[in-house]
Amino acid sequence: RRPDALPATPAEERSSTRPHLSDGAPFRRAVVTGGAGFLGSHLCSELRRRGTEVLCVDNFLTGTPRNVAHLLGDPGFRLVQCDITDYMHVPDEVDLVLHFASPASPVDYLKLPIHTLKVGALGTLHALGLAKEKGARFLLASTSEVYGDPQVHPQPEDYWGHVNPVGPRGVYDEAKRFAEALTVAYRSENDVDTAIVRIFNTFGPRMRPFDGRAIPTFIRQALAGEPLTVAGDGSQTRSVCYVDDLVRGVLALAASGHSGPMNIGNPHEQSVLQIAHDVIAATGSSSSVEHVARPVDDPTVRRPDTTLATQVLGWEPSISWRTGLDRTVAWFREELSDDASRVA
Ligand code: NAD
């Protein structure tokens with residue numbers, strides 16, 4: 001596969017002359033849509049650590065200001081409540097737009113199917129419009145779900161996927177596929193300097209205990225001494241990436257000038273049942289495993305082919321599953337005990 005998935009545009013050539021984050025010369029000002037969510041909040045923190053001013057735009061649908069509370073006194077950080085499906089106006093200069101707003105967990109997008117499609121379509125349109133107006137680099141948070149229940153394993157970027165558009169997960173998968181197509185159209189027709197990252201399952205602090213994704217669900221259940229609910233026989237596989245590795249990959253792609261699409265994820269593949277047993281061990285819980293029905297269209301296998309990220313960015317995950325799990329469990333222990341004391 002060629003490292004450059006799409007032909008270079010004048011915008012890309014401009015971006016190749018932009019100082020790179022890795023050179024210690026960061027973007028000056030970034031807009032992060034969905035910045036009060038799980039991934040967005042970690043991106044905001046890391047951008048601030050690298051010296052980039054951040055405007056975090058969020059409607060708090062599935063995120064919360066608590067996720068960025070640690071940044072609120074920082075003069076280089078601003079939080080704006082805004083639904084980007086309605087509009088997005090930013091008066092200041094901006095040189096990077098990271099578009100992360102979207103319900104992302106199956107529980108959320110099944111509860112919010114129309115909003116999920118609207119934020120993928122109208123939200124992406126407005127975020128791209130902002131990047132066009134400001135002459136900024138634009139990065140779309142896409143997903144491994146564009147590969148659906150894949151028939152090619154592991155999944156390289158040139159695999160077109162196996163998606164059921166009318167299944168319950170279709171709202172998310174198709175929203176992201178449309179968002180990718182729109183991003184490419186803005187690149188080719190409007191010369192916007194765009195990139196697409198296809199994010200595989202990521203975990204870490206600030207996931208919501210009830211967001212329905214396997215790892216936070218298992219940790220919550222294990223800490224409460226409840227049975228861990230494993231879908232089906234648990235032989236379906238997932239490859240999970242610790243959030244710090246993901247953030248490093250996303251910012252490397254932003255700084256690179258590469259258009260993508262590019263997979264970022266940890267290729268270490270394991271069964272969902274193994275993940276459940278590891279969570280029980282990491283929490284020291286005496287919980288058992290209970291098998292429940294598998295959701296419709298639940299992917300059977302999932303593993304990124306990360307050759308492109310390694311070739312182009314020199315990116316590889318560096319945090320092991322066990323280290324990431326221990327950090328996440330430590331955060332959940334504190335969070336859940338805080339929650340208990342707030343309720344008490
Ligand atoms: P999240 O739900 O924690 O964050 C999404 C944020 O977007 C929330 O803060 C939410 O309030 C905000 N939002 C939703 N609709 C909005 C709107 N109309 N206007 C403004 N803000 C809005 O989810 P996450 O896990 O942090 O995912 C972030 C992005 O990364 C999503 O685009 C998701 O599709 C993508 N992604 C995440 C993963 C993962 O493993 N976490 C995997 C693949 C792709």
> By how many nm would the segment from T310 to D233 lengthen if fully extended, with 0.36 nm per residue of separation less the alpha-carbon distance?
Replying inline: 24.4 nm
>> Using only alpha-carbon positions, what ratio does the radius of gyration of the chain give when scaled by 2.2 N^0.38 Å?
In response: 0.95
> Using only the Cα atoms, what convex hull volume per residue in Å³ does region 180-240 have?
Replying inline: 129
> Taking only the alpha carbons of region 44-83, what extent do you get along each of the three principal axes, in Å, biggest first?
Replying inline: 28, 16, 15
> Between L122 and V80, what is the spin-label point distance in nm, taking each point 7 Å from the Cα along the Cα→C-beta axis?
Replying inline: 1.8
> In nanometres, what is the gap between the two model label sites at D278 and L110, each 7 Å from Cα along Cα-to-Cβ?
Replying inline: 2.4
>> With a 1.4 Å probe and all protein chains kept in place, how much accessible area does S286 have, in Å² rounded to the nearest 10?
In response: 120
> Among the DSSP beta bridges whose two residues both lie in the chain, what percent are antiparallel, rounded to the nearest 5?
Replying inline: 10
> Excluding ligands and nucleic acids, what accessible area in Å² is computed for V152 using a 1.4 Å probe, to the nearest 10?
Replying inline: 60
> For region 145-225, what Kirkwood radius comes out of the mean inverse Cα-Cα distance, in Å?
Replying inline: 15.2
>> Let me spell out the model: positive unit charges on the Cβ of Lys and Arg, negative unit charges on the Cβ of Asp and Glu, origin at the Cα centre of the chain. What dipole size does that give, in debye rounded to 20?
In response: 320
>> Please check: in the Gaussian network model of the chain (C-alpha springs, under 10 Å), which one of E133, E145, E189 has the largest mean-square fluctuation.
In response: E189
> Per q in 0.20, 0.25, 0.26 1/Å, what log10 I(q)/I(0) does a Debye calculation on the alpha-carbon atoms of region 21-96 return?
Replying inline: -0.80, -1.18, -1.26
>> Report the per residue volume, in Å³, of the convex hull enclosing the C-alpha atoms of region 55-176.
In response: 127
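The values are calculated or read from the model by the stated rules, or taken from the named source; none is laboratory data. Only a predicted model underlies this, so the values are computations on that prediction, with no experimental measurement involved. Because the Cβ atoms are built from the backbone with ideal geometry, glycine has one as well, and the counts that use them run over all protein chains shown. Quick note on the areas: whole protein, heavy atoms, side chains included, nothing else; ligands and nucleic acids left out. Shrake-Rupley method; radii C 1.70, N 1.55, O 1.52, S 1.80 Å.
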